[in-house]
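**Student:** Below are the structure tokens for one structure; questions will follow.
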Amino acid sequence: MTSAGEHSDPAISASSRWFRCPASVQLCRGLDDPGNPAAAEGTCAHELAYEVLTTGRGIKTYIGHYFNGIKVDEEMAEYVLMYVEMVQSYVEMGFELYAEHRVYLDPVCPGLFGTADAILINIKTRELVIIDLKYGRVLVHAENNEQLLLYIIGALNEFGLLFEPLTFTAVICQPRQHHFPQATYDASDISAFAITANEAFKEINDPNPKFVAGEVQCKYCLAKKHGVCPELNRQKNIAVYGADNTPALRDVNALTHDELAEIYPSMDLVISFCQSVKEKVMEDAARGHPPPGYVYKPTGGRKGNRVFTDVKKVATLLKGWGYATDAVAKASLLSVAQIEKVISDEHFKKLEGYIDQPEGKPRLVKDDRGDETLDDSDFD
């Protein structure tokens, strides 16, 4: 298996960042990345999946084993099996599998390379499929996913000499969230994206690349963690002090304990101010005055959890259908999502009249890119 640490600089897995903020690549170079437990767990899941796919051993035989310093438990085995079975289903349909396969992006992005979790090709049907295992809980979407599209280009570089694919499918397998979106492209889509990728790659190597702060690109950026991003700091300072009174920017790692103590009390003020701004923006937008460049949608944000409207009635129905009490209830009835997993589809459909799900919160959507949203849950 290709080592998880073996990738180019920049990394394909970080493409959602550098596509949007070219300057982040140079800024993040040399910054310490301590990692986190979630990332270590994800690496463990990937290594487990590779072992099962390439050895043919049952996944339960790995329970108790360690990968990347993390012990495989029954829960991980169950979730990783969902990915393994998805990959194997393509193999059963005649696809050839290349697991944890390195791909190179020359000449579109010279020097760029990375490792695709699963590449599946079917020469007869002229299909190329990329499946990416995401073990985290933050939902990842397949549509216009730069990382998966780059993997497609890399796979096409290698296998394009064997056959000319008609369709390209990018699949996200996120078992812990039971989230399995996919997107299908044709050759013209991939060609168009290759041009975009080439332009984005050129920008990161520009002597003066652009800083562009934003929710997607800043989320996991090391420069944000280290507090050294000039654009993000500028925007934060403007939010608190105003454009005409921006204080001098300083490297947070160079601050003394006294300076940190002086700044720390203002943190709650910054958070409170931002929350107030957001509430005011949403209030004005609801009245027909959204900020320039945004469109207000009264619903469409992430919906709330489904709840049973009559718990006693549902419990009675489940008991009448023969479900054991301990299978559908703990101290109280299990959640809707949990009930859905343990009863038949036929019975679950009969419960739909007892299920309620709050509408998504109001949100603002940028006119030029519909996937950029602002909803109240961002500050939860």
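**Student:** Under 17 Å between alpha carbons, and skipping anything fewer than 8 positions from K219 in its own chain: which lysines qualify?
**Tutor:** Within the straight-line limit of under 17 Å, K219 reaches these lysines: K134, K236.
**Student:** Straight-line reach from K349: which lysines have a Cα under 18 Å away, not including same-chain ones fewer than 8 places off?
**Tutor:** Hits, sequence-local ones excluded: K312, K313, K319, K341.
**Student:** Continuing with the same structure: For T167, list long-range residues whose amide hydrogen, built 1.01 Å from N in the peptide plane, is under 5 Å from its own amide hydrogen.
**Tutor:** Correct list: L128.
**Student:** Order of I195, I190 from fewest to most other C-beta atoms within 10 Å?
**Tutor:** The fewest-first ordering by Cβ neighbours comes to I195, I190.
**Student:** Just to check I understand the Karplus step: with θ = phi - 60° and J = 6.51 cos²θ - 1.76 cosθ + 1.60, what whole-Hz values come out for region 208-223, glycine and proline as x?
**Tutor:** 10, x, 7, 9, 9, 7, x, 4, 5, 6, 8, 3, 10, 6, 5, 5
**Student:** Can you sort C221, C274 so the residue with the fewest Cβ neighbours within 10 Å comes first?
**Tutor:** By the 10 Å Cβ count, ascending, the order reads C274, C221.
**Student:** Quote the relative contact order of region 307-356 in percent (integer), defining contacts as alpha-carbon pairs under 8 Å separated by 6+ residues.
**Tutor:** Relative contact order comes out at 55 percent.
**Student:** Of the listed peptides 345-356, 150-161, what is their order by residue-averaged count of other C-beta atoms within 10 Å, with the highest listed first? Walk me through the numbers before you get to the answer.
**Tutor:** Numbers: 345-356: 12.3, 150-161: 20.1.
Packing proxy ranking, top to bottom: 150-161, 345-356.
**Student:** Sticking with this structure for a sec: At K124 and K60, where each label point lies 7 Å from the Cα along Cα→Cβ, what is the point-to-point distance in nanometres?
**Tutor:** 3.3
**Student:** Report the full-extension gain for the segment N208 to E74: residue separation times 0.36 nm, less the Cα-Cα distance, to one decimal in nm.
**Tutor:** Separation in residues times 0.36 nm, less the Cα-Cα distance, equals 43.3 nm.
**Student:** Could you work out the local net charge near Q177, counting Lys and Arg as +1, Asp and Glu as -1, over the other residues with Cβ closer than 9 Å to its Cβ?
**Tutor:** Charge balance in the 9 Å sphere: +3.
**Student:** Follow-up question, since we're still on this one. Determine how many Å³ per residue the convex hull of the Cα atoms of region 6-70 encloses.
**Tutor:** 112
**Student:** Now for a separate question. Amide H to amide H, which residues 5 or more places from K134 or on other chains are under 5 Å from it, using H placed in the peptide plane?
**Tutor:** Those lying under 5 Å, H to H, from K134 are C173, Q174.
**Student:** A further question follows. Can you list the HN-Hα couplings for region 339-352, worked out from phi with the Karplus curve (6.51, -1.76, 1.60; θ = phi - 60°), rounded to whole Hz and with x for Gly and Pro?
**Tutor:** Here the 3J(HN,Hα) series is 4, 4, 7, 10, 10, 6, 4, 4, 6, 5, 4, 6, 8, 4 Hz.
Coordinate-derived values only; no laboratory data. All values derive from a computational prediction rather than experimental measurement. With ideal geometry, Cβ positions are generated from the backbone for all residues, glycine too; neighbour counts draw on all protein chains shown.
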